[in-house]
Structure formats: C-alpha cells, structure tokens
Amino acid sequence: TPSHAALVIIGTGMAGVGLARALRRLGDQRSITLVSADSGEDYSKPLLSTGFAKGLIPDKLAQRSAAELGNELQARVIIHTPVRALDVDNRSILLEQDQVLSYDTLVLATGAAPRVPFSIAPNVAPRCFTINDLDDYRRFHKALGHGPTRVAIIGAGLVGCEFANDLHAGGHQVSVIAPEATLLPRLLPAPLGNALGDAFNEAGIRLCLGRSIDSLAPSSIDGIELRLDNGDAVSADLILMATGLTPRSVLAEAAGLSVSPSGIEVDRLLRTSNPNIYALGDVACVDGVNAMYVQPLQASAKALAATLTGSPTPVSFGTWPIVVKTPLLPVVAYPPTTVPERWRIEGEGGDISALAENKDGRLIGFALTGGCVRRKVELSRAAPSLLG
Ligand code: FAD
C-alpha cells in the first residue's frame, strides 16, 4: 500500500468528499487519499433527520459505499481508521499501529462532534443516543425497533426540532426538553419560535421548555424516567441528545495549528496557520465564521479546489438562508450576525415574517414561518451576504 499521496484529506463527510469531487471536476489528476474514522459511505447528512418519517432503512441513505466512492474519485479511501496525530514537520499523518502516510498537501475535514453537556450514568447510557452520522443513525434505528417508541429529545435547536418532527411523523411519541423558553432560539425570534411550538403541541409533541434535567434514572423494564427541575417527570424508552456540536479540532491543536473554540482558524483561502495544511466544513472557522451548514462547505470545496489547482480563490458564503425541515410548520431563517436594532414582525397564526434591521433601517437578517417562507428568495436578495 502506498504511503504517500500528493493530497491527503482527513474526513469523508460532505466537506472532504466535496473537495475531492470538485478537484476531479476541474480535471486535477494528482494522487488523493481520503482517511475516515467511519465507514466512509457517501451520504447526505441532512437526510438523517428526514428518514424516520419515510421509514428509510439506514442502507437506503448511503448513496455509495467507500469502494464505489474510491472508484468514482479515482482515490484511495481508508476507512475505520482514526488519524492519531499530525507530524507537520515531516508532512505526514500517523494512523494506527505506527502506520505513517505522507502528503504534499493536507486538508482537515474532520467535522464536528456532538456535545453532551452532562454526564450520563452507565445504567441509562445504552438508551441515550446522538445522531450525527450514518453509523449513529443505524444504532438509533435499531434501538427504535418496530412499534411506536417514546423518545425524549433534549435540545430545541435545528437538530432537535427536525428529529422531533421526523420521529413524530414516523409514528413515535415525542417529547422535547430544553432550557430555552422557545424552539429554535438561535434562529427565530420568540413569536416565531412560539408558532412552531404551537404546531408541535397541536400535533401531540410534548414540549417541556424552560426546563433543565435534574436526573435520569431507569424505570420499568427498559424505560427511563427524566426528572425536570420543576418536579415534572417525562417517561421515555429512548433519549436523543441534540445539545450542540463542537468542532473536531484536537488533531490540529495538538500539532500546534491555530485553533479557537469555533474551530481551526483559516483565512478566506482556507489556509491554516501551516502553509501546507487547509481546513473546511464544520471543523473550520473561516475568517471568524464557523457556519456548520452545507452551503458554506460547498462554496468552500469549490473555492479550495480552484486554489489548489493554481487559481487562488477566496471563499464567499453569499446569502444562505437555512431551511429547517419541520413540515408541521415550515421555517426559513437567516439570522443576523450582529444584534439587530429592531425586529419588524408581521403576520398571524403560523404565517409570520420577521425582518431584522440595523439602526439605519437596513435588512440584516430574517426569519419566516408557514406561508411566509415563500418570501425567502426576495429577502435573500436584499440581505447582506456573510463573508461577501
Ligand atoms: P462530517 O460529516 O462530520 O464529517 C467528518 C468526517 O471526518 C467523518 O468522515 C469522520 O469520520 C472524519 N473524522 C473525524 N475525526 C477523524 C480522525 N481523527 N481521523 C479520521 N477521520 C476523522 N445543514 C444544512 O445546510 N441543511 C440541513 O438541512 C442540515 N440538516 C442537518 C441535519 C442533521 C441531523 C445534522 C446532524 C446536520 C445537518 N446539517 C444541515 C449540517 C450539515 O449536515 C453539516 O454541516 C455537514 O454535513 C458537515 O460536513 P463535514 O464534512 O464538515 O463533517
């Protein structure tokens, strides 16, 4: 097995694979090796939170196996192999059992890992899950079994709300528990978060908002009882933690690259503080922005492919409203990056638009629910782009 590649990419998520694909599309012929800690299957991560409603078995979500991916990309794909360390002085990475792989150019696309804010006791751990990749989806899918299952989701952000809607649509009994007072608190002003909450409530999803968890304990044969800070109890068969993500920047940090809590610091050319190493996707903080969405990583893959083939191209994220996959009440959000002077909120029932304005009355972000989501294109044209 060759132990050198012109380009080594760590990570086979949408960022790593997207870059390799963009390079081949430009006709680039260099040798590429992709290394992944997981199964290396090519899948679209956003579809993970739409699969339960459609009753999709995990294998249906994998578009290509790692071997098929390697064929398509004319690349070597090493799977189930976590990279242990970077040796930046010798331009090489250390795999298991002292195996060394050297590179001319290294790209870090290691994504972000679920963050679990409290420790989980061993007696309930087998019933607690996170879903951040296809292997996680497989494990959760298996635990759900066939009949309706009581699932307590902890967290009211995008991932928590999407899984709440999707599992409910798949016939499961869903509760959502979160310390914030409204759903999607980082994406929506309160009246719109409340509209989504009303839609969830009407559908029969139980909401325990403004609540934290005092204890998790086994109950009955395979159940768990969650005790909340107001004394309420929630009974569940499974717990799904959707409590945020942390960039996987440990390899970079240990190698002395510049890293912040928002990820590996890169410039608009996606260069890290080491001249032969680049980063993109959920792990990268681009000029101070770590977006953790598909559109920015696709723009990054395209720009980096151009840069690596001799046309230095700074990435621009443009204006990319987030489409939240909650069919019970459609939501689109483009949150402002600075605190707005005011929110101009109009509409009624579930159909609300909220425009964030700065002190000069300029549009700096927006949020839309229900029928108002059709204003997405018009408002995107008027809003400023991020990293324009
Ligand atoms: P990842 O997909 O996390 O890939 C990281 C890769 O690095 C993996 O292959 C992993 O095995 C590998 N790796 C990590 N550490 C090591 C190591 N030490 N050695 C070797 N390999 C390593 N975004 C949207 O824009 N729209 C949506 O609708 C949307 N829906 C989402 C729904 C869900 C349920 C989730 C979880 C996310 C969603 N997102 C959405 C976010 C989007 O999916 C992510 O931004 C994107 O998939 C991140 O891709 P990535 O390649 O950067 O990271």
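The values are calculated or read from the model by the stated rules, or taken from the named source; none is laboratory data. It should be emphasised that the depicted structure is a prediction, and the values quoted were computed from it without experimental measurement. Note: ideal-geometry Cβ built from the backbone for every residue, glycine included; neighbour counts use all protein chains shown.
Do we have any residue at all in the range 240-250 that's within 16 Å of the ligand (Cβ to nearest atom) and farther than 26 Å from D38 by Cα?
no
In the range 361-377, what count of residues is obtained for those that are more than 23 Å from the chain's Cα centre (by Cα) and either surrounded by 14 or more Cβ atoms within 10 Å (Cβ to Cβ) or not β-branched (V, I, T) (or both)?
9
Name the residues in the range 103-123 that are in a strand (DSSP E or B) and crowded, with 16+ Cβ neighbours inside 10 Å, would you?
Hits for the range 103-123 are Y103, T105, L106, V107, L108, A112, A113, P114.
Tally the residues that are buried (at least 22 other Cβ atoms within 10 Å of the Cβ) and among the polar types (S, T, N, Q), restricting the search to the range 239-284.
Residues flagged as buried (at least 22 other Cβ atoms within 10 Å of the Cβ) and among the polar types (S, T, N, Q) within the range 239-284 amount to 2.
Let me confirm something: among I205, I224, which residue is of a type in the set (A, V, I, L, M, F, W, C), crowded, with 19+ Cβ neighbours inside 10 Å and touching a His at 6+ places or on another chain (Cβ under 8 Å)?
I205 is the lone residue from the list that is of a type in the set (A, V, I, L, M, F, W, C), crowded, with 19+ Cβ neighbours inside 10 Å and touching a His at 6+ places or on another chain (Cβ under 8 Å).
Can you pull out every residue in the range 65-82 that is crowded, with 19+ Cβ neighbours inside 10 Å and in contact with a Ser or Thr (Cβ under 8 Å, 6 or more places away or on another chain)?
A66, L69, A75, V77, I78
Identify, from the list A333, A354, A305, A301, the residue that is of a type in the set (A, V, I, L, M), in a strand (DSSP E or B), surrounded by 16 or more Cβ atoms within 10 Å (Cβ to Cβ) and in contact with a Lys or Arg (Cβ under 8 Å, 6 or more places away or on another chain).
So the residue among A333, A354, A305, A301 that is of a type in the set (A, V, I, L, M), in a strand (DSSP E or B), surrounded by 16 or more Cβ atoms within 10 Å (Cβ to Cβ) and in contact with a Lys or Arg (Cβ under 8 Å, 6 or more places away or on another chain) is A354.
Quick one: in the range 41-64, of everything that is without any contact (Cβ under 8 Å) to a residue 60 or more places away in the chain and surrounded by 14 or more Cβ atoms within 10 Å (Cβ to Cβ), which residue is nearest to G145 (Cα to Cα)?
It comes out as L56.
Conditions: (1) surrounded by 19 or more Cβ atoms within 10 Å (Cβ to Cβ); (2) within 16 Å of the ligand (Cβ to nearest atom). R186 meets all but one. Number of the miss?
Single failed check for R186: (1).
Being of a type in the set (G, A, S), over 25 Å from I213 (Cα atoms) and without any contact (Cβ under 8 Å) to a residue 60 or more places away in the chain is the filter here, so list the residues in the range 232-262 that pass it.
Residues satisfying the conditions are S258, S260, S262.
For the range 279-298, which residues satisfy the criterion of being within 6 Å of the ligand (Cβ to nearest atom) and not in a helix (DSSP H, G or I)?
Across the range 279-298, the qualifying residues are M292, Y293.
From the list I153, I177, I93, which residue is in a strand (DSSP E or B), over 21 Å from the mean Cα position of the chain (by Cα) and surrounded by 17 or more Cβ atoms within 10 Å (Cβ to Cβ)?
Answer to the selection: I93.
For the range 119-130, state whether one or more residues are within 21 Å of S258 (Cβ to Cβ) and either in contact with a Gly (Cβ under 7 Å, 6 or more places away or on another chain) or within 13 Å of the ligand (Cβ to nearest atom) (or both).
Within the range 119-130, none of the residues are within 21 Å of S258 (Cβ to Cβ) and either in contact with a Gly (Cβ under 7 Å, 6 or more places away or on another chain) or within 13 Å of the ligand (Cβ to nearest atom) (or both).
What residue, among those in the range 20-38 that are over 20 Å from A306 (Cβ atoms) and at pLDDT 95 or above, is surrounded by the fewest Cβ atoms within 10 Å (Cβ to Cβ)?
By that ranking, first place goes to A37.
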